[in-house]
Amino acid sequence: MPKLATIRTADGTRAVRLDGDRHVDLGFSDVGAFLAAGSPDVPKDSATYAVEGADFAPVVPNPSKVVCVGLNYRSHIEEMGRDLPEHPVLFAKFADTLAGANDDVVKPAETDQLDWECELTIVIGRTVRRADEAEAAGAIAGFTAANDYSVRDWQFRTREWLQGKVWEATTPVGPYVVTPEELPGGVRPSLDTELTVNGVVKQTASTSDLLFDPVHLVQYLSTITTLRPGDLILTGTNGGVGHARSPQEFLVGGETVQITVQGIGTITNHIVKR
């Protein structure tokens, strides 16, 4: 299973496979529906769409769960002044928070502390509960990228982070889902990541530095709840967020924020002030 995406077309969203300079229709409305059906063979007479100018939707527009891991890179834990966690630090998002890879991101009028977070994201490919290590590895359909734009002043109003993490259309995910066998390290990938603001590098890391790796996270989360095809797990960000800089840096509107995850692709967002 090569690179998969969900694109917007005149007839609605479509799950597609990258094939050279074309996207091949997989016969489903989105990647989540394709995975839930067991990733069937592509019809021989499938429609195709040009890759150039593709309008990417979130790779899974309506997952049953979006689970996020906080404080999962040593560099980010240290810059935030926290102790290394003994267990994954978890919070959740809603499907309404998701956006396409190249969508504009609107800076909420209610904040002056909009921040960035580059994240490797797990895409679940099969239903799993209380998984052992092998089952957890087998449940990972692939990986994608996400930018967890965070409203820091709301995030730190209380001890719980939820209200800073669930603003509508502030979590672009994509552009592609890439299977583990296509990535160095497989289900525990070792990928270079980078985030820039207006071309200036703000974050760099290797996903091999995750404290809790993808297989462990699937095991841990599946102990709590059933994971289903299309569920997303954002694995955390590394050092370099604006909140932890001295002086602090936040997005004010007008910037272009870009993240690149090796082997997966690039997310580019223009920050719109309204």
Check: Which one, [x] 18.6; [y] 19.3; [z] 20.2, gives Kirkwood radius over Cα pairs in Å as derived from the coordinates shown?
Finding: [x]
Next item on the list: Would you mind checking which residues have amide H under 5 Å from Ser190's amide H? H placed 1.01 Å from N; only 5 or more apart, or other chain.
Entry: Gly185
Note to self: Once you compute Rg and the Kirkwood Rh from C-alpha atoms, what is the Rg to Rh ratio for the range 234-274?
What the structure shows: 1.02
Check: Quick one: which of Lys3/Lys165; Lys44/Lys93; Lys65/Lys107 span more than 26 angstrom between C-alpha atoms?
Finding: Lys3/Lys165; Lys44/Lys93
Check: Where does the chain land at 222 nm, in deg cm²/dmol rounded to the nearest 500, when only DSSP H runs of n ≥ 4 count, each adding -39500 (n - 2.57), divided by all residues?
Finding: -3000 deg cm²/dmol
Margin query: Around Val24, under 13 Å between beta carbons, what's the net of Lys plus Arg minus Asp minus Glu among the other residues?
Written below: 0
Checklist line | Diffusion constant of the range 149-262 at 4 °C, which comes from Stokes-Einstein with the Kirkwood Cα-pair radius and 1.567 mPa s, µm²/s | finding: 80 µm²/s
Next item on the list: Report the one residue of Gly263, Val51, Ala146 whose Cα lies farthest in the direction of the positive end of the charge dipole of the chain (charges on C-beta: Lys and Arg +1, Asp and Glu -1; origin at the Cα centre).
Entry: Ala146
Next item on the list: Over the alpha-carbon set of the range 7-159, work out the extent along each principal axis and list the three values in angstrom, largest first.
Entry: 55, 43, 25
Check: Tell me, Kirkwood radius of the range 1-89 from alpha-carbon pair distances, in Å?
Finding: 15.3 Å
Next item on the list: Order Phe94, Phe28, Phe143, most accessible first, counting only protein heavy atoms with a 1.4 angstrom probe.
Entry: Phe94, Phe28, Phe143
Checklist line | Sites matching trypsin sites (Lys or Arg not before Pro) across the range 64-111 that sit in DSSP coil, with at most 15 neighbouring C-beta atoms within 10 Å | finding: Arg82
Next item on the list: Write down Rg/Rh for the range 47-98, rounded to two decimals, with Rg from the C-alpha atoms and Rh from the Kirkwood relation over Cα pairs.
Entry: 1.20
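The values are calculated or read from the model by the stated rules, or taken from the named source; none is laboratory data. Remember, it's a predicted structure, so these values are computed and weren't measured experimentally. Note that we place each Cβ from the backbone using ideal geometry, even for glycine, and neighbour counts take in every protein chain shown. Surface accessibility is based on the protein's heavy atoms, side chains included, excluding ligands, DNA and RNA. Shrake-Rupley method; radii C 1.70, N 1.55, O 1.52, S 1.80 Å.
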